[in-house]
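Read through the structure below, which is laid out as structure tokens, and then see the notes.
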Amino acid sequence: MNQIQSSSVSPLFVGIDVSGSFLDIAFHESSELFRLANSPDGFAQLIHRLLPLNPQLIVLEATGKLERAVLEALCQAGLPAVAVNPKRVRDFARSAGVRAKTDRIDARLIARYGATIKPEVRPLNDEQTQQLQALILRRAQLIEMLTAEQNRRKRAHKSALPSIDEFIRFISQRIKDADRDIDAFLHANDLWRKTEAVLRSVPGIGKGAAAVLIAFLPELGTLNAREIASLAGLAPFNSDSGA
């Protein structure tokens, strides 16, 4: 009860660690940590619990899929929720001197990140942008699989090489298919096609980088340099909450 009363006085920052089955929720500067199902019933319970507390910000780790449903439910309920790149949270943890035995992001760390950095709440992407993001994320997964197989091949016994080589050929073809799908999807949208042409006029930006920028930074062209640098996580920030 005291925690709820105190959170009504000072701004409340909430961190949510999303997994396939559960939502682990933590409040910044509070020992409270609770778990709900990653399901519509769990979302309803979470919203019922958070609405009276009037949180200033709710931060989730962006996985590309698992957090989408709960993020949409929170935003539709009028709660200020945002999904952030997990790498930014890990970088923040390192800069703040937080060390853990694993690289796992937990809800308390996400809440602390939200309270310190205060990432801007952004409108949810439309369906077409979500589809482009899904294609790009899938390509990144395929690249990761290809790299793993190539590294595995260097250490493999010669008897395993035919199987590894066959899988490498299969993944390589899927990457080519993904490139084709992303390219076709981009060029089906007039605005994206024009944006891609502008981006690729910049030295060092190729098709892949342009697609990622269009999908994950749709604010490009509408914000000034300082604002877009902050949104992309490229602007420096003060660590005012501790050493």
(message) For region 107-130: of the residues being in a helix (DSSP H, G or I) and among the β-branched types (V, I, T), which is farthest from G97 (Cα to Cα)?
(response) T129
(message) Every residue in region 186-213 that is surrounded by 15 or more Cβ atoms within 10 Å (Cβ to Cβ) and farther than 18 Å from Q130 by Cα, please.
(response) L199, I205
(message) Just to confirm my filter: which helices (runs of 4 or more DSSP H) fall fully inside region 154-243 and include at least 3 residues that are at pLDDT below 85?
(response) 225-231
(message) Yes or no: region 149-162 includes at least one residue that is basic (K, R) and within 24 Å of A81 (Cβ to Cβ).
(response) no
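The values are calculated or read from the model by the stated rules, or taken from the named source; none is laboratory data. Treat the numbers as computed from the prediction; the structure is a model and nothing was measured. Cβ atoms come from the backbone with ideal geometry, glycine included; neighbour counts cover every protein chain shown.
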